[in-house]
Amino acid sequence: MAMIYEYDYLVIGSGIAGLVYALQVSKYGKVAVVTKSSINDCNTDHAQGGIAAAIDTLDSFEAHIEDTYQAGAGLGKRKVISEIISSGPKLIQYLIDLGTDFTRRDPNYDICLENLSLTMEGGHTRRRIAYAADSTGHQIMETLIAQCISNPNIQIYEYCIAVDLITQHHIVQDEGFIPGISCWGAYILDIKDNRVDIIKSRKTMLATGGAAQIYAPDTNPKVATGDGMAMARLAGARLANMEFVQFHPTAFWSPDGETFLISESLRGEGAVLRLLDGSTFMEKYHPQGNLAPRDIVSRAIDTELKKRGDKYCYLDATNVPAEHLLRHFPSINNMLKAKGIDFTKDPIPVAPAAHYFCGGVLSTIEGITDIHNLFVAGEVACCGLHGANRLASNSLLEALVMAYKAGNHPSNLEEVSFPSIPEWELIGEFNENEWVVISHNREIIGTIMQGYAGIRRSRRLLKYALSRLENIYNEINNFYQHNSVRKEVVETRNMAIIAISVVRSALMRKESRGAHFLVDNPERDDEHYKHDTII
Ligand code: SIN
């Protein structure tokens with residue numbers, strides 16, 4: 001039998017954004033955190049490099065703001081950038097106070113906040129990335145999970161996926177017209193029991209991360225299927241800048257297609273990109289060379305590989321002292337060792353892979369959206385920080401600042417009266433024979449997006465992609481409407497919605513900027529396109 005729960009706050013997603021918001025609002029009421037896998041299965045947990053903040057005496061907010069704006073190819077919002085960046089030191093201190101164990105400097109070295117050691121990444125003009133060896137996200141997650149588990153006001157529901165936000169379009173309208181769009185919680189599928197429950201809440205926070213799974217290959221965990229963006233869109237929220245999908249330049253490449261991230265901070269510590277003949281090339285593309293902004297490095301690799309018909313190039317760290325490599329990058333060392341590579345002696349085969357959504361649900365810096373009572377924070381959101389291309393390690397910072405601000409927003413204290421919310425309508429039996437609609441289309445979405453809407457795009461291929469994706473969406477939606485609901489169906493529906501949103505947005509931007517490169521219009525066109533793409 002379906003359950004009906006009532007909480008003050010519902011948090012969907014359990015990365016840094018979700019858990020920081022949960023901790024903040026737990027001061028005011030009861031919080032449910034819903035996550036579709038185990039609590040630590042999220043993008044945050046995979047974040048290697050670190051969290052950017054101007055905390056060194058040799059750094060300044062102005063320099064970090066300028067680097068962010070330049071990396072974003074002039075599309076970031078200066079006021080938002082400034083507010084997020086100036087909140088960085090205080091909120092890194094907050095993470096430390098909760099127990100996060102960042103790597104510290106040699107005590108003799110000059111001072112910065114808490115004597116943290118700082119690394120370097122692409123697009124930054126200073127060392128400003130705080131890190132915990134090469135598993136910064138994991139270290140932050142361990143801290144936040146421990147805090148949430150021991151908090152009596154927070155209840156965690158693992159293996160539960162949100163199917164739909166509860167808004168006007170679901171409710172029984174016997175109370176008459178309720179203007180605007182409001183959110184009163186979500187329908188939640190308990191994955192193990194295949195049961196759709198209702199969680200009513202005064203405020204709902206979408207902290208579901210990005211959607212890099214719509215590409216193959218990508219650097220993200222399997223959970224990154226754009227659920228929050230898709231649900232918000234279905235409920236009537238606007239999405240912004242969906243065409244700006246960032247490709248990470250250095251994902252591990254292997255013939256079997258298995259890939260994982262090789263942190264940009266490896267280049268920050270001196271590793272260089274080389275072609276298969278051993279020659280370097282980044283100096284031809286940007287004055288910052290190997291540490292150019294990420295969109296430029298990924299495109300440069302793509303160009304060089306296409307010219308030669310190669311599938312990968314090398315990231316060569318053999319010039320970095322072995323002892324330093326092993327101390328700073330123990331997890332990467334372990335993953336490479338499992339592939340038979342000793343990165344102190346051998347170059348690492350790498351190629352770009354989809355990594356991060358710079359766009360998302362249009363929101364303020366506090367996560368306020370078009371939908372009343374619905375917040376967003378982190379990668380799911382587009383608050384104006386990243387513009388057309390995110391500066392490395394600004395993502396954990398954005399998620400942290402947005403979630404903290406959202407959790408302290410006065411509207412969290414507003415009273416809400418709930419309309420009558422109907423139970424989820426169970427339709428049809430689950431038809432195993434038609435499961436291929438889901439498994440096949442999920443794979444095809446990745447192939448279409450990679451081939452037709454990847455690093456280098458053309459309007460013709462984008463149009464082909466759109467017509468194929470619309471057919472796929474219709475098939476999936478039809479399946480969704482005639483079968484009892486399953487996690488994979490919800491995810492694949494969401495992936496199709498997001499893939500279509502990326503392609504539509506890409507077709508609207510007839511210029512090249514940041515992570516969107518269009519062969520038909522290879523130049524940036526500030527006169528006509530220095531604005532967000534809204535759908
Ligand atoms: C990395 O460690 O290279 C990833 C950091 C990021 O995506 O900002």
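Within the range 77-86, is there a residue that is in contact with a His (Cβ under 6 Å, 6 or more places away or on another chain) and outside any loop (DSSP other than H, G, I, E, B)? Yes, because at least one residue in the range 77-86 is in contact with a His (Cβ under 6 Å, 6 or more places away or on another chain) and outside any loop (DSSP other than H, G, I, E, B).
Within the range 484-511, the residues that satisfy the criterion of being open to solvent by 10 Å² or more (accessible area, probe 1.4 Å) and either outside any helix (DSSP H, G or I) or aromatic (Phe, Trp, Tyr) (or both) are Ser484, Val485, Arg486, Lys510. If the condition is being surrounded by 23 or more Cβ atoms within 10 Å (Cβ to Cβ) and either touching a strand residue (DSSP E or B) at 6+ places or on another chain (Cβ under 9 Å) or at pLDDT below 95 (or both), then the range 512-532 contributes Ser512, Gly514, Ala515, His516. For the structure I just gave you, tell me whether Ile149 is out of contact with any helix residue (DSSP H, G or I) (no Cβ under 6 Å at 6 or more places or on another chain) and away from the ligand (no atom under 16 Å from the Cβ). Criteria met by Ile149. Among the residues of the range 55-65, which ones are in contact (Cβ under 8 Å) with a residue 24 or more places away in the chain and either open to solvent by less than 10 Å² (accessible area, probe 1.4 Å) or part of a helix (DSSP H, G or I) (or both)? Correct list: Phe61, Ala63, His64. The residues of the range 114-138 that are free of Cβ contacts under 8 Å to residues at least 60 places away in the same chain and either of a type outside the set (Gly, Ala, Ser) or not in a loop (DSSP other than H, G, I, E, B) (or both), listed by number, are Glu114, Asn115. Taking the criterion of being crowded, with 24+ Cβ neighbours inside 10 Å and on the phi < 0 side of the Ramachandran plot, the residues of the range 214-229 that qualify are Ile214, Tyr215, Asp218, Thr219, Asn220, Ala224, Thr225, Asp227, Gly228, Met229.
Listed here are the residues, each with its yes/no results for (1) in a helix (DSSP H, G or I); (2) within 16 Å of the ligand (Cβ to nearest atom); (3) closer than 30 Å to Gly378 by Cα.
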| position | (1), (2), (3) |
| --- | --- |
| Tyr314 | no, no, no |
| Asn319 | no, no, no |
| Phe343 | no, yes, no |
| Pro352 | no, yes, yes |
| Tyr356 | no, yes, yes |
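Looking at this structure, is Ala377 within 16 Å of the ligand (Cβ to nearest atom), within 25 Å of the chain's Cα centre (by Cα) and crowded, with 24+ Cβ neighbours inside 10 Å? So Ala377 does not fit the description; no. Only residues that are within 19 Å of Cys112 (Cβ to Cβ), more than 16 Å from the ligand (Cβ to nearest atom), of a type in the set (D, E, K, R) and out of contact with any Cys (no Cβ under 9 Å at 6 or more places or on another chain) were counted across the range 41-79, and they come to 1.
Got at least one residue in the range 405-423 being in a helix (DSSP H, G or I), under 29 Å from Gln70 (Cβ atoms), in contact (Cβ under 8 Å) with a residue 40 or more places away in the chain and more than 16 Å from the ligand (Cβ to nearest atom)? Within the range 405-423, one or more residues are in a helix (DSSP H, G or I), under 29 Å from Gln70 (Cβ atoms), in contact (Cβ under 8 Å) with a residue 40 or more places away in the chain and more than 16 Å from the ligand (Cβ to nearest atom).
The values are calculated or read from the model by the stated rules, or taken from the named source; none is laboratory data. Model, not experiment: these values are computed from the prediction. Methodologically, a virtual Cβ is constructed for each residue, glycine included, from the backbone with ideal geometry; neighbour enumeration extends over all protein chains shown. Just the protein is used for accessible areas: all its heavy atoms, side chains included, with ligands, DNA and RNA removed. Shrake-Rupley method; radii C 1.70, N 1.55, O 1.52, S 1.80 Å.
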